[in-house]
Amino acid sequence: MFTKELWKGINPIYKSILVHPFIKGLTDGSLRKESFKFYVVQDALYLVEFARALSIAAAKAPKDDWIIMFNEHSAGALRVERALHDSFFRDFGMKKKNVINTPLAPTNLAYTSYLLSVAYSSPFHEVVGVLLPCYWIYWEVGKALISKGSINPLYQRWIDTYGGEEFAGIVKAVLNLTDQISKNMGKKEKEAMKKHFIITSRYEWMFWDMGFRCESWAVG
């Protein structure tokens, strides 16, 4: 299956994600609350742009079921995951307007800009390729961490969301779509899809690293 081929291409990236101190810190509790707070705020901002890209994927999808699926995922990204983030913001004592007014960190701006650029300018299969890591890597990380659990209830809530069955069903649907469309793709199309998949997989590592470092602009 083509999805297996895609995953093989990012296996070193995924291994680097699992050993990153942000991810390891979620289970052993060593992750600083300030880093997690920074990450959650940036992730909430990211999801708005990710939802836009999902809506574009829906507009480009050649089948009715795929149009419905990506539109539902777009709405879900803003409803379900926003509910998770809002619960964190309440714990942090943050107001929504403070989150909305937070500027995108450099890595977040670069990642979302790339997502939207590909979504607007590329054919459907490439849009799927650029979106897939955000689904798939989060699910794999969630599964890897859920068996370990966390000593921090805040972090456990995050782990339960992405390692749970509901999110698994969402990801499996996109993986199934990926394998379906690959059957009618030539070598050139597959290589283009792989390229985007690898790039946004790298951005996934960078996003957690950004959160861990509470990344800011190097110059004013």
TODO: Kindly indicate whether any position in region 37-51 is in a helix (DSSP H, G or I), among the charged types (D, E, K, R) and without any contact (Cβ under 8 Å) to a residue 24 or more places away in the chain.
DONE: no
- [ ] List the number of the failed condition for Gly169; all other conditions in (1) free of Cβ contacts under 8 Å to residues at least 12 places away in the same chain; (2) within 26 Å of Ser117 (Cα to Cα); (3) not in a loop (DSSP other than H, G, I, E, B) hold.
- [x] (2)
- [ ] Scan region 126-165 for residues that are touching a residue at least 24 places away in the same chain (Cβ under 8 Å) and of a type in the set (Asp, Glu) and report the count.
- [x] 2
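Tell me which residues, restricted to region 17-57, are over 24 Å from Phe70 (Cβ atoms), of a type in the set (S, T, N, Q) and surrounded by 16 or more Cβ atoms within 10 Å (Cβ to Cβ). Full working, then the answer.
Looking only at region 17-57, we keep the residues that are over 24 Å from Phe70 (Cβ atoms), and these are 17-41.
Those left that are additionally of a type in the set (S, T, N, Q): 27, 30, 35.
Within region 17-57, Thr27, Ser35 meet the criteria.
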TODO: Look through region 61-80, keep the residues that are in a helix (DSSP H, G or I) and buried (at least 19 other Cβ atoms within 10 Å of the Cβ), and return whichever of them is modelled with the lowest pLDDT.
DONE: Ala77
TODO: Given the conditions (1) in contact with a helix residue (DSSP H, G or I) (Cβ under 6 Å, 6 or more places away or on another chain); (2) in a helix (DSSP H, G or I), report the number of the one that Lys97 does not fulfil.
DONE: (1)
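Please tell me if Asn184 is surrounded by fewer than 20 Cβ atoms within 10 Å (Cβ to Cβ), assigned to a helix (DSSP H, G or I), without any contact (Cβ under 8 Å) to a residue 12 or more places away in the chain and of a type outside the set (Gly, Ala, Ser). I'd like the intermediate steps shown before the answer.
Details: surrounded by fewer than 20 Cβ atoms within 10 Å (Cβ to Cβ): yes; assigned to a helix (DSSP H, G or I): no; without any contact (Cβ under 8 Å) to a residue 12 or more places away in the chain: yes; of a type outside the set (Gly, Ala, Ser): yes.
No; evaluated as a whole, the condition is false for this residue.
State whether one or more residues within region 182-195 are within 16 Å of the chain's Cα centre (by Cα) and not hydroxyl-bearing (Ser, Thr, Tyr).
First, pick out the residues of region 182-195 that are within 16 Å of the chain's Cα centre (by Cα): none.
No, region 182-195 has no match at all.
The values are calculated or read from the model by the stated rules, or taken from the named source; none is laboratory data. None of the values given here were measured: they were computed from a predicted structure. For neighbour counting, all protein chains shown are included, and Cβ atoms are generated from backbone atoms with ideal geometry for every residue, glycine included.
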